Protein chains: 2
Amino acid sequence: MKILVQKFGGTSVGSIDRIKAVAEICASELASGYKLLVVVSAMGKSTDTLVSLMEGLTDTPNAREQDMLLSSGEQVSIALLSMALSKLGLKAISLTGWQAGIVTEAKHGRARICSIDEVYLRSLLEKGYVPVVAGFQGITEDGEITTLGRGGSDTTAVALAVALDAERCDIYTDVDGVHSTDPRLVSKTSKLETISYDEMLELASLGAQVLHPRSVELAKCYSMPMRVRSSWKREDKGTLVCDNAKPSMLEGARSVCGVALDRKQARLSIVGVPDKPGIAHSIFTELSDQGVSVDVIVQCVSQDGFTEVDFTVGRADALRAQELLKSIAVKIGARETAIDPCVVKVSAVGAGMIDQPGIASTMFKALGDRGINIQMISTSEIRISCIVSEEQGELAVGAIHDAFGLAPQG
Amino acid sequence: MKILVQKFGGTSVGSIDRIKAVAEICASELASGYKLLVVVSAMGKSTDTLVSLMEGLTDTPNAREQDMLLSSGEQVSIALLSMALSKLGLKAISLTGWQAGIVTEAKHGRARICSIDEVYLRSLLEKGYVPVVAGFQGITEDGEITTLGRGGSDTTAVALAVALDAERCDIYTDVDGVHSTDPRLVSKTSKLETISYDEMLELASLGAQVLHPRSVELAKCYSMPMRVRSSWKREDKGTLVCDNAKPSMLEGARSVCGVALDRKQARLSIVGVPDKPGIAHSIFTELSDQGVSVDVIVQCVSQDGFTEVDFTVGRADALRAQELLKSIAVKIGARETAIDPCVVKVSAVGAGMIDQPGIASTMFKALGDRGINIQMISTSEIRISCIVSEEQGELAVGAIHDAFGLAPQG
């Protein structure tokens, strides 16, 4: 069996007309010879509606009851999509997470998928049915309904594709693929035909909100090709996310494939720190013990036996991190602390930058030429990130995008 | 364990404020020493919303998918009520039909309950939890979600009460109990303190839309006391529905307890029918084979070897029944057929009328005194029904209500 898994997000099934359009997409893939399994999210704003009902009752909902509530949303969309498919003469059957055999951990609101019993799904596919499966939800071994948390529906789709040994997992969304940067930031962006899992992971983590990194991690782990495509532009093939750096090389050693902007950063500094071995450890262990996740870290070269440590945290954690840092400063005898909540992180990503010298300097020159001050730098094998002031963030993205020639050619 | 089952209908949980009020009612019963299990319907208009979405897709929805769709409604209300109960400091846990162990036939849209596995429910009650169970839904042995059709949530509540050997099943609704007739028809009605199952069944079947006859049948079968009460008037005890005629006797041999009006009738006639044995059989077998349900039947005394047969059907079936009747007339050599879609049925109900002569004549006199023509009469042991013209229906109800002194005393 040549199996294709398709996933449609909330806006793709946001109205009856959209659901009809999705059914047409499914029908055309079936006509091309695939066995099809479809995963859907809750309709458009329906989750928001449920959440606002809940907020009328309590600020601290029980996580189990919240899962019970929210998982009803996908139950509506799977039933409606099945009806729309039947209307086109297809054999469709809707399945909740538990009916589809999706077994998760017993962690309400953020359960990970433990296993999928795919026997029933496979038998449905063999009989020519299109199973329409509720994304974002599963069941524990004790029969409790769980939800998978952020990125859940994409993850459901990839997990089912892996369990069924599908040929590909198509993620339909409201953008036409993965672009060289956020089209809201730069007027002329290129849509990438292909991107590697690693590149996608860096871009996903860095704020290009097309695919949740969790689903990409899973796809990477099992080498499951994913295609990001638009449910509005049916003819468009979107962007294929697949194994390692091959695609980049085929395009002529593309060094940088995309530029991302993460606005949710805040910079903290601790100054006048006695430069002793283990000092970084004391600072960051305490922060991590308190659940503060640190991103970029820079420690300056010591002067006169004192050093300075700068780091960024998620902006939501900034004030709490600052309080913690003040008490750490007292403990380790540091002079003072500072906070700048108005910084952003711009990153150039590309598997092709491995072993290619000069990428970083091209990036730094592009920023310098526009008068943008780089506050901090961090790098990985396939990424270079700079922390800059918030007001210069968009300018920085445009500068880097231009410098690496990412605008469409011609 | 002293167990009480409470059921709250759609209007009782129609808003966040109503859900909070319901939680208060539950809390006060718990405080009085009961173990509590609560059954809820979908919130107010939510089922209508789902149906209108569905109607945007298809006029002929697959019954399985319709069950999948509609059963999501109760999942929302159970989760919200559980949260409201938790907010009051109670231990509540929401359960879908399948989680509550409600196993049904594999008939989508109108499944009957086969069995209830009450072990889990009982263990929750023993641990002090309030299980909040989705009404109207269950699961087949094959793991398919079903709905129970009309009267489903009341039936869920009674079935759970029976399975758990509860002390009573309280049905909360938007009226304060069972009245001597529909308060919209007669200005001064009496609320009945008690009513027997049989009386309630006659009234329920006859259009007093308080309890669905299906739930009353089940309660009668297992002698489970039910109480109909208002979720708006907490202090009001409502009406107790319980075993046989005892209550009527205690109230001084009340002969008639209520008067019902069924507006959904149509009268059909077949005239000039050769009066041979088996003629009624030929007419009604054919109608029943075609799924037309016949209510009141009157066959006139034969004249010159010909007779006339009159009967009523539900108004929705009237035109179809007329077509059938025309072809039957040809087959059996009857002269002609006629239809009057504008008739209604008024009924006086009371267990006390058994062995009490004069009840029927009191009723007929009351109608005659107001100039109301009785077209057809039908009786059971505890009911007398008259078919009258639609325009005289309400007048007839008032006349009978007065004649039996059902208005409140004093």
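Derivation of every value follows stated rules applied to the coordinates shown; laboratory data play no part. Bear in mind that the values here come from a model prediction, so they are computed numbers and not experimental data. Methodologically, a virtual Cβ is constructed for each residue, glycine included, from the backbone with ideal geometry; neighbour enumeration extends over all protein chains shown.
Just a few scattered comments:
- About its Cα centre, the dipole of the range B:40-156 is roughly 460 debye, where the only charges are +1 on Lys and Arg Cβ and -1 on Asp and Glu Cβ.
- Sum of -39500 (n - 2.57) over DSSP H runs of 4+, divided by residues of chain B (222 nm, nearest 500): -10500 deg cm²/dmol
- Column: log10 I(q)/I(0), Debye, Cα scatterers of the range B:145-249, q = 0.19, 0.21 Å⁻¹: -0.93, -1.13
- Quarter of Cα convex hull surface for the protein assembly as shown, i.e. mean projection, nm²: 46.0
- Residues B:SER223, B:SER12 arranged by fewest to most Cβ contacts within 10 Å: B:SER223, B:SER12
- Taking label points 7 Å from Cα along the Cα-to-Cβ direction, A:MET1 and B:SER52 give a separation of 3.9 nm.
- Relative to the current alpha-carbon distance between A:GLU193 and A:ALA280, full extension at 0.36 nm per residue lengthens the span by 27.1 nm.
- Expected-Rg normalisation [2.2 N^0.38 Å, Cα atoms] applied to chain B: 1.09
- Over every Cα atom in the range A:216-366, the radius of gyration and the widest Cα-Cα span, Dmax, amount to 20.6, 65 Å.
- The ellipsoid that matches the Cα gyration tensor of the range B:331-387 has semi-axes, each √(5λ) in whole angstrom, of 28, 15, 10, with the longest given first.
- A label point on B:ALA360, set 7 Å along the Cα-to-Cβ line, lies at 10.5 nm from each of its counterparts in the other copies, closest listed first.
- Taking a straight line from the alpha carbon of B:LYS188, these aspartates and glutamates sit under 13 Å away, with near neighbours fewer than eight places off in the same chain left out: B:ASP402.
- Loop-located GluC sites (Glu not before Pro) in the range B:366-410, at most 16 other Cβ atoms within 10 Å (DSSP): B:GLU381
- Taking the C-alpha atoms of the range A:70-201, convex hull volume expressed per residue in Å³: 145
- Dipole of the range B:268-370 [Lys/Arg +1, Asp/Glu -1 at C-beta], most positive-end residue of B:VAL313, B:ILE270, B:LEU367: B:LEU367
- Of B:PHE306, B:PHE311, the sequence from fewest to most neighbouring Cβ atoms within 10 angstrom is B:PHE306, B:PHE311.
- Comparing A:ASP295, A:ASP275, A:ASP304 in a Gaussian network model of chain A where C-alpha atoms under 10 Å apart are linked, the largest mean-square fluctuation is found at A:ASP304.
- Note on A:GLN322 and A:ALA31: the extension gain reaches 98.9 nm, defined as 0.36 nm multiplied by sequence separation minus the Cα-Cα distance.
- Inter-copy label distances for A:SER52: 1.6 nm (label point placed 7 Å from Cα along Cα→Cβ; shortest first).
- Beta-bridge orientation, the protein assembly as shown: approximately 65 percent antiparallel, per DSSP, counting only bridges with both partners inside.
- Here each label is just a point 7 Å from Cα along the line to Cβ, and for B:SER361 and B:CYS221 those points are 4.1 nm apart.
- Spin-label proximity, B:LYS45 to the range A:41-59 - amide N less than 19 Å from point 7 Å beyond Cα toward beta carbon: A:45-54
- Derived scalar couplings between HN and Hα for the range B:376-382 equal 8, 10, 9, 9, 10, 4, 10 Hz in order, rounded to whole Hz, by the Karplus curve 6.51 cos²θ - 1.76 cosθ + 1.60 (θ = phi - 60°), x for Gly and Pro.
- Computed FRET value (nearest 0.05) for B:SER288 with B:ASP174, which takes r as the C-beta separation and R₀ as 51 Å: 0.90
- Dividing the mean sequence gap of close Cα pairs (under 8 Å, 6+ apart) by how many residues the range A:110-258 holds gives a relative contact order of 24 percent.
- Beta carbon of chain A nearest to the axis of the rotation taking A to B, residue and angstrom distance: A:SER72, 2
- Other-copy label distances relative to B:SER380, 7 angstrom Cα-Cβ extension, nm: 7.3
- Hydrodynamic analysis of the range B:1-79 uses the Kirkwood radius over alpha carbon pairs. Inserted into Stokes-Einstein at 10 °C and 1.306 mPa s, it gives a translational diffusion coefficient of 113 µm²/s.
- Listed from fewest to most Cβ neighbours within 10 Å, the set B:TRP98, A:TRP232 follows the order A:TRP232, B:TRP98.
- The 3J(HN,Hα) values that the Karplus relation (6.51, -1.76, 1.60; θ = phi - 60°) gives for the range B:142-147 are, in residue order, 8, x, 8, 6, 10, 10 Hz. Gly and Pro appear as x.
- For chain B, averaging the sequence separation of C-alpha pairs within contact (under 8 Å, six or more residues apart) and dividing by the residue count gives a relative contact order of 14 percent.
- In plain terms, the chain from B:GLN299 to B:ALA407 could stretch by 35.3 nm, reckoned as 0.36 nm per residue minus the Cα-Cα distance.
- Around the amide H of A:GLY14, modelled in the peptide plane, lie the amide H atoms of A:GLY44, all under 5 Å away and 5 or more residues distant in sequence or on another chain.
- Partners for A:LYS20 among lysines (Cα-Cα distance below 29 Å; same-chain residues under 8 apart left out): A:LYS2, A:LYS7, A:LYS35, A:LYS45, A:LYS87, A:LYS91, A:LYS127, A:LYS191, A:LYS233, A:LYS237, B:LYS45, B:LYS107
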